[in-house]
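Encoded as structure tokens, the structure appears first; notes follow it.
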Amino acid sequence: MIHFFDLPREVRGLIYEQYVSIPGGYVLGDFEHNTLKGADGTPIDLSLMRTCKAIAREMEGVALASNTLNFSTFYSEDHRTAAGRFDMMLKEFHSLMGFFFEGVEHSSFIVPDDVWAEIRRAYPLFGPYIDVIKSKPSIINLGPEGCCGETPSVFRSFIQFAMQTITSHEDLFDPKLFARFGNEFCKRDSFESGVNFKVDPWVVPTSRSVEDMCVRAHVLDRVDVDWQANYKTEPNPGLMKHRYSAAAVAIRFFKSLAISTRSNIRHLVLHEDRKAVGFAECHGLGLIPFCQENSRLRVHRRVSMWQTVFQTITAQRFCYPLAIHVARRSLYANVISYPMAIWIVEALELERAGMPLGSFRLIFEGDRSCTEIFQGVVQRDAAWQRALDLCVERGHLPPVSWEMRRWDSRARFLEPVDGGNSWSCGQETRNVYLFEAFPQAIDDIRAKNSIISCNFDLGMAWDADQVVLSNKGWTSNEWSKAWFDRDQLWYEPSLPSPSWTELLCDNSLDTRLPWTRDDHPDWWDNRPEWMIESSV
């Protein structure tokens, strides 16, 4: 009789793979204990490994290598508050650091040129922004509220590095002036220790650790005020379902494994099927160390267009989950390209940050309506941005300063007037510009020359040169105003998917949603100005 070990090693290997393979691979089984189960709901059976030591040695790592690991966004009532306060803490902290930095050159002391030079060497991309900081009293929408047209996560890192560098050279400043600068914003100990606060936005914290972070970041009072206000506002933001991203859940799982164990993993699929906390679009950065240590690991991050991308509110004034009571209950075309561009530029940043070539892909998942959106909105906006640049290059329009070109009109509904030193509300904004890398990124996606792809048809391409010819003779203001003129202003998911309003309501535990203007006429009559525009 043939013994099992009489079979060739390659044959035994195939038997092991067949034994452990589960259709669909593995999914997270128990969040609290960080354990896996089969995608079909069955437990992972490794009993064959326990038959003898020889088989155990040969089967080591086979299960993880033979099955795709799948993670999705995670929500539970037990973690909802911690996730929400963590998200609020991050936004408050980075906003605070941004305004610290913006006020540096207009405070009670001047930063030495040597210190500025050190910051420039570390982040040469933002050298022009430093020049603006030094020369302008206010740069609303360029810096803290925007990101200078660059990747948001990189801008946040730059701001914190700049503040850390400045405070590390305290000996170069007059002690009284330095203390006065810190006191202009907060207490002295808050200023010095706050700039050195560090936390990865993809961590999954406990409730206790979130409160500790708020204290260390010196934003506890701000978070408490905002959080309490959430429960006093209608509709009630305090009832939002705050989720952790699939990437954050996967990183948490990977960290729980020994290097020798996780090095067996070959395929990781992240299903970003809901919007999540902590600047979720940048969470791919947290996967870089695992891809560096395991050259065979392949990560596919699959992002829902309707339930994740379009609901991303990083650096936007439009907070759709809290604005679902507007008259028009469809997705507004003028707020589509910006969140998609954020996901694109964050994915493209991974290679520069150290992600090995071929290790990561971002896949946008959408329905038939996403083809119309990608062609009629996203590609159109990329072509318009490039066309405006071509108009400047060809002399059709006057040159635009660095800061005005990268000024982000989406962060606040304001624009500079009177030579750029005053600000007012207005429609003549720089909406045509999204991100510096946006037009080329769209071209690369179309050419299939990118780590980013879509599971829906991309439609017809736009020609920037044709846009230039069609609009030749326009002024800059005419370009900006015409950006709002579209063939279609409102979009809905394709049937049988739920409506846009239903998708938004799914983010809340408030069973009274969706609201209508008749439910709360007093609130409707006093609603914010931007809602008036989006409900026309």
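Each reported figure results from applying straightforward, stated rules to the coordinates on display, with no laboratory input. As the structure is a prediction and not an experimental result, all values here were calculated from the model. Every residue, glycine as well, gets a Cβ built from its backbone with ideal geometry; the counts of neighbours run over all protein chains shown.
Structural remarks
- The listed peptides 358-369, 79-90, 15-26, ordered by packing as a protection proxy, come out as 79-90, 358-369, 15-26 (highest mean of other Cβ atoms within 10 Å first).
- Which of 370, 505 has the fewest Cβ neighbours within 10 Å, and the rest in rising order: 505, 370
- Environment charge of residue 154, counting only residues whose C-beta is closer than 11 Å and scoring Lys/Arg +1, Asp/Glu -1: -1
- Ranked by the mean number of other Cβ atoms within 10 Å of their residues, highest first, the peptides 344-353, 480-489 fall in the order 344-353, 480-489.
- Put in line by how crowded their Cβ is, counting other Cβ atoms within 10 Å and starting with the fewest, 220, 177, 331 read 177, 220, 331.
- Cross-linked pairs 91/472; 241/448; 37/275: Cα-Cα separations exceed 31 Å for 91/472; 241/448.
- Spin-label model distance (nm) - residue 2 vs residue 502, 7 Å beyond Cα toward Cβ: 5.6
- Theoretical FRET efficiency, 1/(1+(r/R0)^6), r = Cβ-Cβ of residue 224 and residue 56, R0 51 Å, to 0.05: 0.45
- Computed from backbone phi with θ = phi - 60° and the Karplus coefficients 6.51, -1.76 and 1.60, the 3J(HN,Hα) list for region 335-343 is 10, 8, 5, 4, x, 5, 4, 4, 4 Hz; x is used for glycine and proline.
- Residues whose amide H falls under 5 Å from that of residue 364, counting only those 5 or more places apart or on a different chain, are 303, 453, 454, 455, with hydrogens built in the peptide plane.
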